[in-house]
Amino acid sequence: MSEMKKIKNLKEFSTSADRFEGANLLCPGCAHSIIVREVLNATNDDLILSASTGCLEVCTAVYPYTSWDASWIHIGFENGSTAVAGAEAMYKALKTKKRLKQPDRNPKFVSFAGDGASYDIGFQWISGCMERGHNMMHVVLDNEVYANTGGQRSSSTPIGSSATTSPAGRVSYGEKKNKKDMVAIMASHGIPYSAQVAPNKWKDMVKKIQHGMEVDGPVFINAVSPCTTEWKFDPKDTMLLTDLSTDSLVFPLYEIIDGHELNITYRPKEKDIVPVEEYLAAQGRFKHLFKDQYKYLIKEWQERVDANWAYLNRREEARV
Amino acid sequence: MANTGWDEFEIGAMLRTFEGEAGDIAGTLQEDRKYTENSSFSASVADWRIEKPIFAKDYCIDCQFCWIYCPDMSIISRDKKMIGIDMDHCKGCGICVEVCPTNPKSLLMFPEQADEEAELAQWPAKETKEK
Ligand SMILES: Cc1ncc(C[n+]2csc(CCOP(=O)(O)OP(=O)(O)O)c2C)c(N)n1
Ligand code: SF4
Ligand code: SF4
Ligand code: SF4
Ligand SMILES: [Mg+2]
């Protein structure tokens, strides 16, 4: 087994040689790219990667260009995960038959996909990968919307968000269904590791990615990815939005080991917890919630977030 | 290659990022890699910018916040030091300026046509925070 890359602090991390390149066509300020860099730079091992259709794939493989410095494959919207699972299965078979040309290398298998491609359209493919026990990691770039096709709602879109297929207006406050709890669903496959991460907390991210790459078996990672275009905020504020998402506990950071043991990995001090209202107010997609008729939804939002935080804390305490 | 249309793209075609054997990419810095013209590294998005960041080295504490949060791999850090900006790949988002913790900031945004030397000569002074 190869040595885990040592990343004690940010200065040490900054000596990494990126394997993801610029002059891709992601929007200025797109968080997808920040997440991908943190994931790829967490290891020096060879990488076998895929991306499902979506902003990341479309913007980093614009023929005749590629922005990837590693083996990378794209097939369709639904099957980025199974493309990597197939490569992993072949790798295992060749290893057993002693037919690997470089048997001492220790490649990592990672599929990237949006929330649309993971929560909805590639759902059963990912479930299959988790259930079959492939030694791979699936990373969701969760911007809570089908961004690449113009902002349709997905089952990750939260209540009150205005999406093009659930627009806010005179008769509606936008999306009416609550976001699906994908981390819990994936953990319930009994996989060795699943976690929620955010690019602002790079150390937590690197720790989780490295752990995920070390364990034997499937790993599921949900990464919050603020989208300047669809969440409607200024591109310079991507990290501010990420901070608001973790510090309001709208995106709590935690991990679930072996499908049941839950650990909260980031616990902001009581006085540093940001009201959910501030998180909502920073984004155009929630603008209408601040009209008198919809203000009750902000209160409900806070109650939901509080209830979820209490639930995670209870699970952590009970070790279940 | 540059004139090949998408409809001439063969199904199952493969793009190579590097000339010859790729070797240990994670252990090779960008300046030492042999990129092909198929790597987007060989391309530029400089014309996307309306504003550009300018780097005032004197104030920099090499915290590397700009390096980790730049979405476009455009902060060049070598040997744990921030040494400059890759102006071919910077899209001018302004994130690096927002996350820079120094006072005055070591990075600021200016109109694309601004003159770097002139701006560096009149860099803002340290801000005193009101209590
Ligand atoms: C089977 C299939 N259905 C629909 C599409 C059209 N499509 C391409 S990208 C995309 C949106 C992707 O959304 P998501 O997975 O959330 O990624 P994002 O762009 O938000 O990062 C859609 C609907 C497709 N390519 N294939
Ligand atoms: S639409 Fe959103 S997710 Fe897509 S490239 Fe732009 S910022 Fe990134
Ligand atoms: S302006 Fe944006 S793209 Fe340019 S160096 Fe700063 S963070 Fe990177
Ligand atoms: S964020 Fe500012 S102080 Fe930190 S390395 Fe970048 S320029 Fe220097
Ligand atoms: Mg999405």
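Overview of values
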read-out: Residue within the stretch B:34-56 that is within 16 Å of ligand 1 (Cβ to nearest atom), within 17 Å of B:Gly94 (Cα to Cα) and either in contact with a His (Cβ under 6 Å, 6 or more places away or on another chain) or facing chain A (nearest Cβ under 8 Å) (or both) present; value: no
read-out: Residue in the stretch A:104-114 that is over 23 Å from A:Thr60 (Cβ atoms), more than 16 Å from ligand 2 (Cβ to nearest atom), away from chain B (no Cβ under 14 Å) and not in a helix (DSSP H, G or I) present; value: no
read-out: Helices (runs of 4 or more DSSP H) (entirely within the stretch A:162-252) containing at least 2 residues that are away from every other protein chain (no Cβ under 14 Å) and among the β-branched types (Val, Ile, Thr); value: A:182-187
read-out: Number of the exception - A:Asn44 against (1) more than 16 Å from ligand 3 (Cβ to nearest atom); (2) more than 19 Å from A:Val215 (Cβ to Cβ); value: (2)
read-out: Number of the condition not met by A:Asn148 [criteria: (1) in contact (Cβ under 8 Å) with a residue 12 or more places away in the chain; (2) more than 16 Å from ligand 2 (Cβ to nearest atom); (3) away from chain B (no Cβ under 14 Å)]; value: (2)
read-out: Qualifying residue in the stretch A:74-95 (condition: among the small types (Gly, Ala, Ser), assigned to a loop (DSSP other than H, G, I, E, B) and either closer than 30 Å to B:Ser42 by Cβ or modelled with pLDDT of 95 or more (or both)); value: yes
read-out: The stretch A:30-46: number of residues that are under 18 Å from A:Val197 (Cβ atoms) and over 13 Å from the mean Cα position of the chain (by Cα); value: 5
read-out: Residue ID - most open to solvent (accessible area, probe 1.4 Å), chosen from residues in the stretch A:272-320 that are of a type in the set (A, V, I, L, M) and touching a Ser or Thr at 6+ places or on another chain (Cβ under 8 Å); value: A:Ile273
read-out: Selection count where residues are more than 7 Å from chain B (Cβ to nearest Cβ), among the aliphatic types (A, V, I, L, M) and outside any loop (DSSP other than H, G, I, E, B), scope the stretch A:32-45; value: 4
read-out: Residues of the stretch B:66-75 satisfying the condition of being hydrophobic (A, V, I, L, M, F, W, C), facing chain A (nearest Cβ under 7 Å) and at negative phi; value: B:Trp67, B:Ile68
read-out: Hits in the stretch A:46-66 (condition: within 8 Å of chain B (Cβ to nearest Cβ), over 20 Å from A:Cys227 (Cα atoms) and open to solvent by less than 40 Å² (accessible area, probe 1.4 Å)); value: A:Pro64, A:Thr66
read-out: Residue satisfying all of: in the stretch B:8-17; within 10 Å of chain A (Cβ to nearest Cβ) and open to solvent by 30 Å² or more (accessible area, probe 1.4 Å); nearest to A:Arg19 (Cα to Cα) among these; value: B:Arg16
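The values are calculated or read from the model by the stated rules, or taken from the named source; none is laboratory data. These numbers come from a predicted model, not from an experiment. With ideal geometry, Cβ positions are generated from the backbone for all residues, glycine too; neighbour counts draw on all protein chains shown. SASA here: full protein model, heavy atoms, side chains in, ligands and nucleic acids out. Shrake-Rupley method; radii C 1.70, N 1.55, O 1.52, S 1.80 Å.
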